Every structure is written in structure tokens, then in C-alpha cells.
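Here's the structure we're looking at; comments come further down.
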Amino acid sequence: MSENSTVKKNVRVRYAPSPTGFLHIGNAQSALFNYLFARHYHGTMVLRIEDTDVKRNVPHGEDSQIDNLHWLGIDWDEGPDKPNPKYAPYHQTERQDLYHRYITQLLDQGLAYKDYATEDELTTMRDQQRAAGEAPHYDGRWYGRSVADQQAAETRGLKPVFDSICRRTMNTLGMTLLKVMWPLTPTIWAAISLLRRVMGCPLIILPWSLMIT
């Protein structure tokens, strides 16, 4: 079986930066890998702007992405400046109606829940976790709360965000795995160092974050 026969002919890849900052080396790496993959398989490279975090978006953040990608010689086949009517729009803020429809569907099916935690509560939670030597993570404090609790929060003027039960479950499993594996880190790295000496070649090691997310 040839390499090309294992890849669909209609390859579509996307680079989806957030304009909460300017293009950095990690952005460039992601864009380059997607660009090369699309070109290798004669596919489509899509530029999608993840601009839904409106409070954190910075002026000219999107311009920085576009201008610097062009400077690097990376181009795309579809994007805000090259819309394909079948898939447009490419700014995520222009797809809010679609998202709200699916949020409602997830809530109705019991696969998501409303979360009213405030910024101050989240800051306090992260500070307490760091003080306890834990990696900052969301504790799902609004999972399973009653309708009365939700109504009381809305009466106080709090607006909810939506979290999926699936993501909460995966985060819980990930944190459990991290707590189990973290004490073993010195032993693991010692074993890796020994293997590298015995094999006489470098080993590619994935970051913990890739293993638990």
C-alpha cells in the first residue's frame, strides 16, 4: 500500500490562531506543519480566526498573524480573505448562532452544564492549588448544582459559561494520572537516560501535557 493511498484525497487542515496576542514560534510551527501537509497531499489549507475570547483580544493581533505568515512564505487556500461559501465564515465570532444551538442541545441531553464561577473565585482557586503544590486546574465546582442554585446565581447578575461533562471527566482522569506519575518522574528520566546511553541514539519524549490532554 503506497503512502498516498492511506491518505484521503480531500485533505483539509486548518491553522486557527487566537488574536489574544501576536504570532510566536509555536504559532509558526503549527502553521508550517499544516501548510506542508496540505501541500504534500495537494489538500486545502484553512486559516480560521479563534476570536471568541473578546476580552483578551489585542489590537492588530489578527494582522500580526496574517502579515507574519506571509513573511514566512506560508499561504492558505481558505480564510477571512479567501472565503469559500461552503465553509465560511472564518471568524468564530460570526458563528455564535451555530454554537448556541449546539450548546442548547448538549444541555438538553445532559452532556454539559452551566458554570457561574467568577474571575475572583477562579483566581483564588488557582492560588490555593499552587500553594498546595498542585498544577492549576478547574475543579468543576458547578457540576451537578441544582436549578435553584443556577437561578440564584443569575439573580445576582452572574452570567454562565458552559462546560462539557466529557471534558470534566477527561480533566479528572488527567489530573489523577499526573498525580500518580509525577513522583515517578526522576525514575522515569533516569531510565530514559540509561536507554539513551545503551542505544547510543536520542529518544523522542512527549511532554506530559500531550500525554494527559
Problem set entry | Matching residues in the range 103-144 - criterion: being closer than 12 Å to Val161 by Cβ and either assigned to a loop (DSSP other than H, G, I, E, B) or touching a Phe, Trp or Tyr at 6+ places or on another chain (Cβ under 9 Å) (or both) | Ile103, Ala112, Tyr113, Lys114, Asp115, Tyr116, Ala117, Thr118, Leu122, Tyr138, Trp142
Problem set entry | the range 29-80: number of residues that are buried (at least 17 other Cβ atoms within 10 Å of the Cβ) and polar (S, T, N, Q) | 4
Seminar exercise, completed: If we keep only residues of the range 81-93 that are outside any loop (DSSP other than H, G, I, E, B) and not charged (D, E, K, R), then the residue least open to solvent (accessible area, probe 1.4 Å) is Gln92
For this session: Could you give me the residue pairs with C-beta distances under 9 Å whose first residue belongs to the range 23-38 and is closer than 20 Å to Asn57 by Cβ, whose second residue is of a type in the set (Phe, Trp, Tyr) and surrounded by 14 or more Cβ atoms within 10 Å (Cβ to Cβ) wherever it lies, and which are 6+ apart or on separate chains?
Result: Asn27/Tyr15; Ser30/Tyr15; Ala31/Tyr15; Ala31/Trp76
Exercise. Would you call Thr118 touching a residue at least 40 places away in the same chain (Cβ under 8 Å), loosely packed, with under 15 Cβ neighbours inside 10 Å, within 26 Å of Pro17 (Cβ to Cβ) and β-branched (Val, Ile, Thr)?
Worked result: no
Exercise. Quick check, is Thr124 surrounded by 11 or more Cβ atoms within 10 Å (Cβ to Cβ), modelled with pLDDT of 80 or more and within 30 Å of Pro80 (Cβ to Cβ)?
Worked result: no
Exercise. Out of the residues in the range 128-145 that are among the small types (Gly, Ala, Ser) and surrounded by 13 or more Cβ atoms within 10 Å (Cβ to Cβ), which is modelled with the lowest pLDDT?
Worked result: Ala135
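The values are calculated or read from the model by the stated rules, or taken from the named source; none is laboratory data. All figures in this text were calculated on a predicted structure; none of them were measured in a lab. When we count neighbours, we look across all protein chains shown, and the Cβ atoms used for this are built from the backbone with ideal geometry, even at glycine. Keep in mind that these areas ignore ligands, DNA and RNA; they rest on the heavy atoms of the full protein, side chains included. Shrake-Rupley method; radii C 1.70, N 1.55, O 1.52, S 1.80 Å.
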